[in-house]
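Here the structure comes first, spelled out in structure tokens, and everything after it is commentary.
Each value in this text was obtained by applying a stated rule to the coordinates, not by laboratory testing. None of these values were measured; they are calculated from a predicted model. Note that each Cβ is placed from the backbone with ideal geometry, even for glycine, and that neighbours are counted across all protein chains shown.
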Amino acid sequence: MESLVIYLAAGLATGVVSGLFGVGGGLTVVPALVLALPFAGVPAHYVMHMAIGTSVAVMIFTAAVTTVWRHVRGDLVWPVLWRLAGFVALGGAAGAAIGDALDGTALRWLFVGFVGLTILREIWRNWLRPDRPAASGRGMRPVGTLAGRASFVLHGFAAGTVGALLGVGAAVVTIPFLMRRGHSIQAASALSAGLSAVIGVAAGFGYVLGGLNEEGLPPFALGYLYVPAFFGVAVGALAGSPLGVSLSHYLPDRLQRIFFVIYLCVVLAVMVARLQH
């Protein structure tokens, strides 16, 4: 019963966060499942794999719902989404393969290090850098140039790999990239949500296949996908996503950035605390 409450609460928070910031939800789901999965009998050395595998599978639905709401709001730039989607899918498959090859402790440290670096990057980019580019996209490379095309390939593949490896979606890579190209935070969040759904499909299959031959997984596990957590989180997220999208249109950009950093600090604190166990 305690685990079910955690799954539903994590899903609600995931939907809000996915709608507000455009992240795939893994930054909420992974820490919540790291806390909940041991109660479901998941062996310690599989907890991170199953938390990430379940997170990317849930991402298919949470990010897809957010993408639909963003489209309704007029935030989504479809040509840019299609331009990045293929490279993100390739990165998602690669990230799942790498995650399957690593042990649980390495995945935990990678997750903690990634969140810590993301916090430092956000603080530097939003408040400390003296020459922040204006919202008009000053300094961006034209898409039609060789450098511009290469930038799309590299950022798309990196977003897919990181998002799948750590279960965190596309936003942490794509939002800064897209905002440098002149997109508003709402448009960048909409595109990141759509690309997180792409990661969910590519990486979700990868984690399911990667865990099929593992021994000692609990009942109701499909590879590294824990089915009860998947449904609990997905149901909660359906309620939270519209709220997050609505909040993104009422909160000023600066306040959204502050909330994002605070949210990341909470995630980091939870994961560091779990490393001690």
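Given +1 at the Cβ of Lys and Arg, -1 at the Cβ of Asp and Glu and no other charges, the dipole of region 137-268 around its Cα centre is 760 debye to the nearest 20. Note on the chain: GNM, Cα springs under 10 Å; of P252, P43, P31, the largest mean-square fluctuation is that of P252.
Taking every Cα-Cα distance in region 159-229 and sorting them into 10 Å bins from zero, the calculated P(r) comes out as 21, 38, 24, 13, 4 percent.
By the beta-carbon count within 10 Å of each Cβ, the least crowded to most crowded order of V162, V270, V58, fewest first, is V270, V162, V58. Fully extending the segment from W127 to A44, taken as 0.36 nm per residue of separation minus the present Cα-Cα distance, adds 26.0 nm. Of the residues G216, A187, G160, the one whose Cα sits farthest towards the positive end of the charge dipole of the chain is A187 (charges of +1 on Lys and Arg Cβ, -1 on Asp and Glu Cβ, taken about the Cα centre).
Close amide H pairs (under 5 Å, H built 1.01 Å from N) link L222 with V227, residues at least 5 positions away or on another chain. For C265 and F231, the FRET efficiency from 1/(1 + (r/R0)^6), where r spans their Cβ atoms and R0 equals 30 Å, is about 0.50. A Förster radius of 35 Å combined with the Cβ-Cβ distance from I98 to L243 puts the calculated FRET efficiency at roughly 0.55. Sequence-distant contacts, meaning Cα pairs under 8 Å at least 6 residues apart, place the relative contact order of region 9-122 at 27 percent.
Of all the Cα-Cα pairs you can form in region 161-277, what percent are over 16 Å apart?
Details: 4912 of 6786 pairs.
Value for region 161-277: 72 percent of Cα pairs lie more than 16 Å apart.
Summing Cβ point charges (Lys, Arg +1; Asp, Glu -1) relative to the Cα centre of the chain gives a dipole of roughly 1180 debye. Of the residues M50, M59, M179, the one that moves most in a GNM of the chain with alpha-carbon contacts below 10 Å is M179. Rounded to the nearest 500, the 222 nm mean residue ellipticity of the chain from helices alone is -26000 deg cm²/dmol, with -39,500 (n - 2.57) taken per DSSP H run of at least 4 residues.
Take every Cα pair under 8 Å whose residues are at least 6 apart in sequence, average their separation, divide by the length of region 2-275, and the relative contact order is 39 percent.
Taking a label point 7 Å from the Cα of L90 along the Cα→Cβ vector, which residues of region 179-201 have an amide N closer than 14 Å to it? No residues fall inside that zone. Hey, how much of the P(r) for region 33-105 falls beyond 22 Å, as a percent of Cα pairs? Counting pairs separated by more than 22 Å, the tail of P(r) holds 40 percent. Need one number: the % of Cα-Cα pairs in region 232-277 sitting beyond the 13 Å mark. That tail contains 68 percent of the Cα-Cα pairs.
Could you state the orientation-averaged shadow area of the convex hull built on the Cα atoms of region 2-275, in nm² to one decimal? It would help to have the intermediate numbers written out before the result.
On the way: hull surface 52.1 nm².
With the hull built on Cα positions only, its mean projection is 13.0 nm².
Compared with the dominant Cα axis of the chain, that is its longest principal axis, helix 26-36 is turned about 20°. Could you identify which residue out of A234, A40, A51 has the top mean-square fluctuation in a GNM of the chain using Cα springs shorter than 10 Å? Checking each option, the largest mean-square fluctuation is seen for A40.
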